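Take a look at the structure set out below.
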Amino acid sequence: MDACGGPLGNLTAHVWLSLQNSMILSAAIFITLLGLLGYLHFVKIDQETLLIIDSLGIQMTSSYASGKESTTFIEMGKVKDVVINEAIYMQKVIYYLCILLKDPVEPPGISEVVPVFQSAKPRLDCLIEVYRSCQEILAHQKDTSTSP
Amino acid sequence: MLLKAFFPTCCSSVDSGLLVGRWVPEQSSAVVLAVLHFPFIPAQVKELLVQVQRASRVGMAVLGTWCHSQQEPEEPLGHFLEGLGTIFPHDPWLQLCRERGSKSWSCKVSCQQAPAALGVPCEDQVMLIFYDQRKVLLSRLHPSAVLPDHQAGDAPASTRGLAAVFDTVARSKELFRSNQFNEGPVRLSHWQSEGVEASILVELAKWASGPVCLLLACLLSLVSAASTCRVFRLWPLSFIGSKLSTCEQLRHRLEHLTLVFSTQKAESPAQLMRKANMLVSVLLDVALGLSLLSWLHGKNRIGQLADALVPVADHVAKELQHLLQWLMGAPAGLKMNRALDQVLGRFFLYHIHLWISYIHLMSPFIECILWHVGLSACLGLTVALSILSDIIALLTFHIYCFYVYGARLYCLKIYGLSSLWRLFRGKKWNVLRQRVDSCSYDLDQLFIGTLLFTILLFLLPTTALYYLVFTLLRLLVVTVQGLIHLLVELINSLPLYSLGLRLCRPYRLAAGVKFCILEHEAGRPLRLLMQINPLPYTRVVHTYRLPSCGCHPKHSWGSLCRKLFFGELIYPWRQRGDKQD
């Protein structure tokens, strides 16, 4: 009897195909899990914090879903102003808080615009509250630096 | 303006004494570097400060007092601590106090002159920033944006803002030399007060590095002198040297070794880092090369490779013959120009016949060649890989020849067709003005032009098919060589020392700082902890990447596709000047 044509051959082929399928499936699951971990570690931001320390600087912290934290500190000497900007995104107007940095070559100019809360995208009323707090500290900073 | 007192964490539990450091008036910051303990003779303290100032060029001063007691300082002690301000006059005078065993801190600022005149803050406007002195001393603060023209660290670091703190600590090494084992007149507390960090092995290595570097530098100068000999500048040798990847790699490695073992001291931290990266790169390369060498010489693998190489080359040649026979028929059911098809097919078949003869002629020497190639791996894996790339280039020389013939023929057809197409439309290419102009042709010219255009157009599919097949084969070889070059480039240019430093000592490569709030209560000074924000891996690679040997592709995808379409020859690993069409 021909082994390839008989029931044994069919069974072998079936087992081989199922094994191959399970390997492909396990590889797909593994890749998906890796992708998910990568997404949680590098993309998914859980929390964003803005800390303004008078006469020291502004610190922005992003906490990722995996627990990783990314911090950016901008010295107060480099900060020109904190403003609420508006942008047209798709079919709507969105508002975002941003830090204007002084140009080291031309002090009256602006070298860079650093957006804040890029992931959270808070509503305008929340942004206004944060903006007012920032302006209070910046105003105090300007007063103390200009006083003789 | 708020007064910022930068206080080292290592001093937060030491005995009472004086705060020694630097006052930065522009930022109204006090950078505390050490605590000088009681008892002391004021004259000796002043002498020490002058010595340190002379050595470090940092304005040292006694900034105030540090009190670490069981409870709040009593009235007489308080008066005594305030009275020290008259011996060491400094405005403002800091009075830091911490109760033993508790977390409560107090900070007072007193001024001899009117505070308003100096711009010094009131008593409650003080911010205590704790910093790890060891980490700040050993770290290198990288600017937020490195200019593309400058190597990192070439430009002097800005001493504004927090960079001033880093700069102050880095330049105060002289102050940190004294420790508890010194029989000096004053007793200081700082990060190294328990004893200076040292290693016998490091000291021995430092002691031995001088003569070793001198010896190796002499040897390398001899090698470089031999390589610049006039014999190597003669036509065939210089031409071969410019074409072989091995020569390029050896030149590159020689430059690396010359720089690493030069007796000149590194002038800047960036140069030191570059030297260290090069040394680690060379060591890793040699280690990988030696492991490859041991693998090749174990179990007679070279013999096995030599035995397998000729049959593989034969098999490739046979497959090419089959491919040509397929092209000489009706490939994929396409009807070719029979005469041209036969001419091209026979021409290429003759080449393959020559190639097989050449391979069989070389077969007795292949094992010997491979043995020497294996031996070259002790110079490094990159050298072995470069030799492998050159061997692949030599073994696939027939494919390269086919590609060149096909490309030249196709290019001729394309340019001929484009020129005749312009003639067909009554136009011509103006070479001087680099544009297409109108032109009136004779009837004979138009007739012959149209005739030639028709002939070339009908012969184009046959030529294009041969060109397409051999270009694909050439691209396959180029891809394999490209992967080898990529691996060589990776070993050559990856800043392994910097990456290792980033992995094991992240604070050494600082992108900036971050702050944690330790205490924020009304009536008490705000206490922050300053931590170092390490440089991201991508920026470490970008900043400290070693210069490559210029073997990377010079074409963009667009220009490559354009060249392939018009039948221009591609030399992906040669610079424009090296190109020999």
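Below are the figures for this structure:
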quantity	calculated
Label zone at B:LEU412, where the point sits 7 Å out along the Cα-to-Cβ direction: the stretch B:337-366 residues whose backbone N lies under 15 Å	B:340-341, B:343-345, B:347-348
Cα centroid separation, the stretch B:264-310 to the stretch B:416-479 (Å)	50
Radius 13 Å from Cβ of A:PRO108, net charge of other residues (Lys, Arg +1; Asp, Glu -1)	-1
Protein-only accessible surface order, largest first, of B:ILE392, A:ILE110 at 1.4 Å	A:ILE110, B:ILE392
Restraint check, B:LYS206/B:LYS275; A:LYS78/B:LYS135; B:LYS108/B:LYS135; B:LYS243/B:LYS413; A:LYS102/B:LYS4, Cα-Cα greater than 19 Å	A:LYS78/B:LYS135; B:LYS108/B:LYS135; B:LYS243/B:LYS413; A:LYS102/B:LYS4
Which of B:ARG502, B:ARG508, A:ARG123, B:ARG171 is most accessible, then next, and so on - probe 1.4 Å	A:ARG123, B:ARG171, B:ARG508, B:ARG502
Portion, in percent, of the accessible area of the stretch B:236-285 that falls on carbon or sulfur, probe 1.4 Å	68
Interface area, A with B, accessible, probe 1.4 Å, both sides summed, Å² nearest 100	1300
B:TYR358/A:ALA139 FRET efficiency (R0 60 Å; Cβ-Cβ; nearest 0.05)	0.10
Exposure of B:ASP390 as accessible area (Å², to 10), given a probe of 1.4 Å and all protein chains	20
Difference of contour (0.36 nm per residue) and Cα-Cα distance, B:LEU138 to B:LEU503	129.9 nm
Selected from B:ILE352, B:GLY333, B:GLN321, residue furthest toward positive end of dipole (the stretch B:296-493; charges at beta carbon)	B:GLY333
Neighbourhood charge, 13 Å Cβ-Cβ cut-off, centred on B:PHE38 and excluding it, Lys, Arg +1 and Asp, Glu -1	0
Residues B:HIS90 and A:ILE128, FRET efficiency given R0 of 60 Å [Cβ-Cβ distance, rounded to 0.05]	0.85
Per-residue mean of C-beta atoms belonging to partner chains within 10 Å, peptide B:161-170	1
Cα-projected label distance for B:ARG435 with B:CYS401, points at 7 Å along beta-carbon direction, nm	4.7
Gyration tensor (Cα) of the stretch B:453-549, equivalent ellipsoid semi-axes in angstrom	60, 18, 9
Model label zone, B:LYS335; criterion: amide N under 17 Å from point 7 Å along Cα-to-beta-carbon; scope the stretch B:443-458	B:455, B:457-458
Nitroxide proxy distance, nm - points 7 Å out along Cα→Cβ at A:LYS68 and B:ILE448	7.1
Calculated FRET value between B:SER221 and B:SER268, using beta carbons and R₀ = 30 Å, to 0.05	0.80
Reachable lysines, given that their alpha-carbon falls under 16 Å from the alpha-carbon of A:LYS121 and they are not under 8 places away in the same chain	A:LYS44, A:LYS92
Inter-label distance for B:SER556 and A:LEU33, nm, one decimal - labels placed 7 Å from Cα along Cα-to-Cβ	4.3
Over 22 Å (Cα to Cα) - which of B:LYS265/B:LYS514; B:LYS46/B:LYS265; A:LYS68/B:LYS514 fall in this group	B:LYS265/B:LYS514; B:LYS46/B:LYS265
Contour excess over end-to-end distance, with Cα ends at B:GLN304 and B:ALA198 and 0.36 nm allotted per residue	33.0 nm
³J(HN,Hα) computed for each position of the stretch B:41-48 - Karplus, 6.51 cos²θ - 1.76 cosθ + 1.60, integer Hz, glycine/proline x	9, x, 4, 5, 5, 5, 5, 4
Other protein chain Cβ atoms within 10 Å, averaged over every residue that makes up A:50-56	6
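The values are calculated or read from the model by the stated rules, or taken from the named source; none is laboratory data. Keep in mind it's a predicted model, so treat the numbers as computed, not measured. Cβ: placed from backbone, ideal geometry, glycine included. Neighbour counts: every protein chain shown. Protein only, heavy atoms only, side chains kept; ligands, DNA and RNA dropped before computing areas. Shrake-Rupley method; radii C 1.70, N 1.55, O 1.52, S 1.80 Å.
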